[in-house]
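Data block below; observations after.
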Amino acid sequence: MATKGMKTKKAAAKRFKLTATGKIKFKPSHMRHILTKKTSNFKRAKRKGNYVHPTHEALIMKCLPFGL
């Protein structure tokens with residue numbers, strides 16, 4: 001029987017992408033439903049992807065041992 005290796009956390013794999021420069025990109029929350037009551041400025045700001053803060057990068061990379 002093969003030895004058990006490291007596994008990717010699938011929840012993290014769905015939420016984060018690794019860029020070519022090594023930064024971790026994610027899409028902001030609150031944009032799935034009930035958008036009528038949210039302001040245009042709020043929705044416009046949420047359209048753009050964001051990068052994870054450097055203090056959280058190590059924690060996320062632990063969940064993604066092989067990158068993406």
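Of the helices (runs of 4 or more DSSP H) that lie entirely inside the chain, those containing 2 or more residues that are touching a helix residue (DSSP H, G or I) at 6+ places or on another chain (Cβ under 7 Å) and surrounded by 12 or more Cβ atoms within 10 Å (Cβ to Cβ) span 54-63. Taking first residues from segment 1-21 that are hydrophobic (A, V, I, L, M, F, W, C) and partners that are at pLDDT 95 or above and not in a helix (DSSP H, G or I), the Cβ contacts under 9 Å between residues at least 6 apart in sequence or on separate chains come to Phe16/Ile24; Phe16/Lys25; Phe16/Phe26; Phe16/Val52; Leu18/Ile24; Leu18/Lys25.
Taken together, the residues in segment 1-40 that are in contact with a strand residue (DSSP E or B) (Cβ under 7 Å, 6 or more places away or on another chain) and not hydrophobic (A, V, I, L, M, F, W, C) amount to 6. Restricting to segment 1-55, give me the number of residues that are among the aliphatic types (A, V, I, L, M) and within 18 Å of the chain's Cα centre (by Cα). The total comes to 9.
The values are calculated or read from the model by the stated rules, or taken from the named source; none is laboratory data. These figures come from a predicted structure and were not determined experimentally. Glycine also receives a Cβ, built like all others from the backbone with ideal geometry; neighbour counts cover every protein chain displayed.
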